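Below is one structure; the comments refer to it alone.
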Amino acid sequence: MTISNSIFLKALNKEKLLTPPIWYMRQAGRYMPEYRAVRKGFKNFLDMCKDPDVCCELALQPMNKFELDASILFSDILTIPDAMDLKVKFLEGEGPVFDNPIRNAQDVHDIEPFDADKLSYVYKAVSNIRSALPRDIPLIGFCGSPWTLAAYSIEGRSSKDFSITKKFIENNNIEAHIFLQKLTDACFIYLREQVKAGADVIQIFDSWANLLTESDYQNYSLNYISSLIASLKNDPVTSSTPIILFAREPRCSTEIIVNTNTDCLSLYWSMEPKDFTYLSGKVSLQGNLNPKILLESNDIIKRETYKILDAFEDYPGYIFNLGHGITPDIDPAKVSYLTDIIRER
Ligand code: CP3
């Protein structure tokens, strides 16, 4: 079997398939006892991400358990701000916290030029995972969108409304754009290195797309994603690598997202499948079961999953996924059940 047999790549090529390829956002993580056993050995989550052998083991755990159609690099989107010396750490129950966030205009000017070699541990993880996977299973490399990385870097932590970030971009508009451009350039080099190391597909996570109004979303996020995608499409190393864009609940028309030239749109769980089927032939679609449904009974899981499969039945290039990441409270048995009922339908 070669990679050309992959149903995931076929779907990304907008082919109509009888059974959709399946993978799950955040498929490796705390909901798996195998993950928690490895995690115990590390105080800091990022130290674990800096060990390419461990990353390889963690990426393979859900592959071995559920036989999914695509694997995703085990790492985090915050490796880039960490390499920019913003000093990222993960606190139990709090998520990411930056010791050295971007707080004023000068901080943006002081950022050292991005040194892609600082993230060589990520490229090594990519090549380890690629070598360990069966040849017909694609490996997804990823990065956060420039906007999402900027939001964490300015806010310094996760937040409900990211009010510090919103004030910063209003009061330091020029520097906000300088910072977004620096992040865009870093994402391009970073993804290119991942593809060189063996990533077959790229996913861009715009997890904080929901913070901005339509015009601000175009201005602060989509313009930079479009420019990142254009750079990838114009580079001989990455020009044929399919790109998936996940945008969490964007407050804008679908057209302006599709205009980024992404190959595939990954739908958040609150988005209505029927509203997107008109995109047939233009982009592949991925999604979008609410991960919280996996806390319900098997009957409800089946009903909600089949609703989505029905909506995308004739869609050329549909990939089954969740509408956001699996949370730690989910029972892996429910993930097995979900995978089985999609394949046996
Ligand atoms: O299989 C996989 O997808 C694992 C690789 C992966 C992780 N994070 C590992 C991780 C991926 C693709 C991500 C992406 C990521 N990271 C996103 C985009 C996807 C999304 O959920 O919107 C974002 C926003 C982050 C930033 C981040 N990383 C947060 C907010 C947190 C803390 C909250 C949480 O979800 O745990 C993390 C930590 C993190 N990243 C963990 C894992 C397995 C848990 C860390 C631990 O074990 O302590």
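Filtering the range 60-91 to residues that are away from the ligand (no atom under 11 Å from the Cβ), closer than 15 Å to residue 44 by Cβ and of a type in the set (Asp, Glu) leaves only 82. The residue that is surrounded by the most Cβ atoms within 10 Å (Cβ to Cβ), counting only those in the range 73-127 that are of a type in the set (Asp, Glu) and touching a helix residue (DSSP H, G or I) at 6+ places or on another chain (Cβ under 7 Å), is 82. Of the candidates 278, 306, the single residue that is under 23 Å from residue 248 (Cβ atoms), surrounded by fewer than 15 Cβ atoms within 10 Å (Cβ to Cβ) and over 18 Å from the mean Cα position of the chain (by Cα) is 278. Among the criteria (1) surrounded by fewer than 19 Cβ atoms within 10 Å (Cβ to Cβ); (2) of a type outside the set (Val, Ile, Thr); (3) within 29 Å of residue 24 (Cβ to Cβ), the one residue 170 does not fulfil is (3).
Answer yes or no: is there a residue in the range 130-152 that is surrounded by fewer than 17 Cβ atoms within 10 Å (Cβ to Cβ), outside any loop (DSSP other than H, G, I, E, B) and away from the ligand (no atom under 14 Å from the Cβ). Can you show your working first?
Going through the range 130-152, the residues surrounded by fewer than 17 Cβ atoms within 10 Å (Cβ to Cβ) turn out to be 131-132, 134-136.
From what is left, the residues that are outside any loop (DSSP other than H, G, I, E, B) are 131-132.
This time we only want the ones that are away from the ligand (no atom under 14 Å from the Cβ), so: 131-132.
There is at least one residue in the range 130-152 that is surrounded by fewer than 17 Cβ atoms within 10 Å (Cβ to Cβ), outside any loop (DSSP other than H, G, I, E, B) and away from the ligand (no atom under 14 Å from the Cβ).
Between 209, 230, the distinction of being small (Gly, Ala, Ser) and within 16 Å of the ligand (Cβ to nearest atom) belongs to 209 only. Taking the conditions (1) over 15 Å from residue 76 (Cβ atoms); (2) of a type outside the set (Val, Ile, Thr); (3) within 16 Å of the ligand (Cβ to nearest atom) in turn, residue 116 satisfies each one other than (3).
Within the range 309-327, if we keep just the residues that are out of contact with any Gly (no Cβ under 7 Å at 6 or more places or on another chain) and part of a loop (DSSP other than H, G, I, E, B), the residue that is surrounded by the fewest Cβ atoms within 10 Å (Cβ to Cβ) turns out to be 314.
What do you reckon, is residue 45 of a type in the set (Phe, Trp, Tyr), in contact with a strand residue (DSSP E or B) (Cβ under 8 Å, 6 or more places away or on another chain) and more than 9 Å from the ligand (Cβ to nearest atom)? Step through it out loud before you land on a result.
Details: of a type in the set (Phe, Trp, Tyr): yes; in contact with a strand residue (DSSP E or B) (Cβ under 8 Å, 6 or more places away or on another chain): yes; more than 9 Å from the ligand (Cβ to nearest atom): no.
Against the criterion (of a type in the set (Phe, Trp, Tyr), in contact with a strand residue (DSSP E or B) (Cβ under 8 Å, 6 or more places away or on another chain) and more than 9 Å from the ligand (Cβ to nearest atom)), residue 45 does not qualify.
Name the residue that is farthest from residue 249 (Cα to Cα), counting only residues in the range 309-328 that are small (Gly, Ala, Ser) and over 18 Å from the mean Cα position of the chain (by Cα).
Looking only at the range 309-328, we keep the residues that are small (Gly, Ala, Ser), and these are 311, 317, 323, 325.
Within this subset, residues satisfying the condition of being over 18 Å from the mean Cα position of the chain (by Cα) are 311, 317.
Details: 311: 19, 317: 21 Å.
Looking at the filtered set, the residue picked out is 317.
Cβ-Cβ distances below 6 Å connect the following pairs, each with a first residue in the range 47-59 that is farther than 15 Å from residue 139 by Cβ, a second residue that is away from the ligand (no atom under 11 Å from the Cβ) and part of a helix (DSSP H, G or I), and a separation of six or more residues or different chains: 48/54; 50/121. Of the residues that sit in the range 6-34 and are within 12 Å of the ligand (Cβ to nearest atom) and crowded, with 19+ Cβ neighbours inside 10 Å, which one is farthest from residue 125 (Cα to Cα)? Ranking the qualifying residues of the range 6-34, first place goes to 31. Of the helices (runs of 4 or more DSSP H) contained entirely in the range 1-115, those carrying at least 2 residues that are β-branched (Val, Ile, Thr) fall at 79-83.
The residue pairs whose first member lies in the range 85-98 and is in contact (Cβ under 8 Å) with a residue 60 or more places away in the chain, whose second member is part of a strand (DSSP E or B) and surrounded by fewer than 13 Cβ atoms within 10 Å (Cβ to Cβ), and whose beta carbons are closer than 9 Å, counting only pairs six or more residues apart or on different chains, are 97/91.
The numbers here are math on the coordinates, done by the rules we state, and not lab data. Worth saying up front: this structure is predicted, and the values here are computed from it rather than measured. So basically every Cβ, Gly included, is an ideal-geometry build from the backbone, and we count neighbours across all protein chains shown.
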